[in-house]
Amino acid sequence: MTGNRTLNCNSGTMIFEGNFQVGGSATFNMGGCTIKFNGNLARFGNANSFDPGTSTVIFGGNTEIEWNSGSDIQFYNVIVEDGASVTADVDVFVLNDMTVEGDGSYSNINNTSLNVVGQVTGDPQIFGVAPFITNISILNSNSIEVFFSRKLNQGPAENIGNYKVRSTLAGAFTDPGVVDPSPSITSAVWNPTDSNRVVLSLGFTIVADTNYYLWIQNVTIEDSFTQKITVIK
């Protein structure tokens, strides 16, 4: 879909059996729909061509995700079905939950990354060199434990400058944290016996019914690949 066209999907289910492409001045607003891609290619042309809304995107085939805007591509919910295989040559940002079913697989290639704000189900079927957060556990009102998909190097994992808690998904890592100018993270303790886990002490008290977003940069895994900015609620 190209040219001056707009496709709105407010509710219901939309299935694309072949390859999918949207670009140019065209816009695809996914709204609250369920969108299923069964083709070999899902290509999104630019940052203004695609709005994920609160949709659920299902991949049912052997699909390559392409994105030409130079930034990450955002989905809301993502499901990779049994038997499907998804390859992303772009940074993928899932604003809510991601599920990879038992016989499905998802891979990031060429040093691209996966960032999931909500819950990740099917971690063993998710592949890529960059680590991502699989879970966050609240230990008490002033500390959390972060679980990564890969084993981390101690030095970067314990550098509090690599972490920040913010109250929004928008902006950049350098923007203020929730208690700026005070640090939102006061200590980071890497687990030597289970090195995909880090306990973070917070410079503030967690308040119920409030959204917090943990931003992470420059954390490296044991084979030296670097984690790009990760955001999780």
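The values are calculated or read from the model by the stated rules, or taken from the named source; none is laboratory data. Remember, predicted model here, so these are calculated numbers, not experimental data. With ideal geometry, Cβ positions are generated from the backbone for all residues, glycine too; neighbour counts draw on all protein chains shown.
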(message) Checking Asn159 against (1) within 15 Å of Asn196 (Cβ to Cβ); (2) out of contact with any helix residue (DSSP H, G or I) (no Cβ under 8 Å at 6 or more places or on another chain); (3) not aromatic (Phe, Trp, Tyr), only one condition comes out false. Which one?
(response) (1)
(message) Need pairs with beta-carbon distance below 6 Å; first residue touching a residue at least 24 places away in the same chain (Cβ under 8 Å) and closer than 18 Å to Gly155 by Cα and within segment 191-217, second of a type in the set (Val, Ile, Thr) and assigned to a strand (DSSP E or B); sequence gap 6+ or separate chains.
(response) Val198/Val146; Val199/Val189; Leu200/Ile144; Leu200/Ile185; Ser201/Thr186; Trp215/Val231; Ile216/Thr230
(message) If I ask for residues that are surrounded by fewer than 21 Cβ atoms within 10 Å (Cβ to Cβ) and either polar (S, T, N, Q) or touching a Cys at 6+ places or on another chain (Cβ under 7 Å) (or both), which ones from segment 96-111 would you list?
(response) Asn96, Thr99, Ser105, Ser107, Asn110, Asn111
(request) Take Phe93 and decide whether it is over 17 Å from Gly122 (Cβ atoms) and either buried (at least 19 other Cβ atoms within 10 Å of the Cβ) or at pLDDT 85 or above (or both). (result) yes
(message) Can you confirm whether Leu114 is buried (at least 22 other Cβ atoms within 10 Å of the Cβ), over 14 Å from Phe59 (Cα atoms) and assigned by TED's automatic domain parsing to the domain that holds Phe50?
(response) yes
(request) Check Glu81, Glu66 and return the single one that is surrounded by fewer than 20 Cβ atoms within 10 Å (Cβ to Cβ), more than 14 Å from the chain's Cα centre (by Cα), at pLDDT below 80 and under 20 Å from Ile35 (Cα atoms). (result) Glu66
(request) Quick one: in segment 26-43, of everything that is of a type in the set (A, V, I, L, M, F, W, C) and under 17 Å from Leu95 (Cα atoms), which residue is surrounded by the fewest Cβ atoms within 10 Å (Cβ to Cβ)? (result) Cys33
(request) For segment 187-205, name all the residues that are part of a strand (DSSP E or B) and within 21 Å of the chain's Cα centre (by Cα). (result) Arg197, Val198, Val199, Leu200
(message) Going by what's in this entry, would Asp89 be described as over 12 Å from the mean Cα position of the chain (by Cα) and charged (D, E, K, R)?
(response) yes
(request) From Gly171, Gly177, grab the single residue that is on the phi > 0 side of the Ramachandran plot, part of a loop (DSSP other than H, G, I, E, B) and free of Cβ contacts under 8 Å to residues at least 60 places away in the same chain. (result) Gly171
(message) Quick test for you: out of Thr186, Thr174, Thr205, Thr210, pick the one residue that is surrounded by fewer than 17 Cβ atoms within 10 Å (Cβ to Cβ), over 25 Å from Ile126 (Cβ atoms) and either in the same structural domain as Asn108 (by TED's automatic domain parsing) or modelled with pLDDT under 85 (or both).
(response) Thr174
(request) Within segment 96-119, work out how many residues are modelled with pLDDT under 85 and aliphatic (A, V, I, L, M). (result) 4
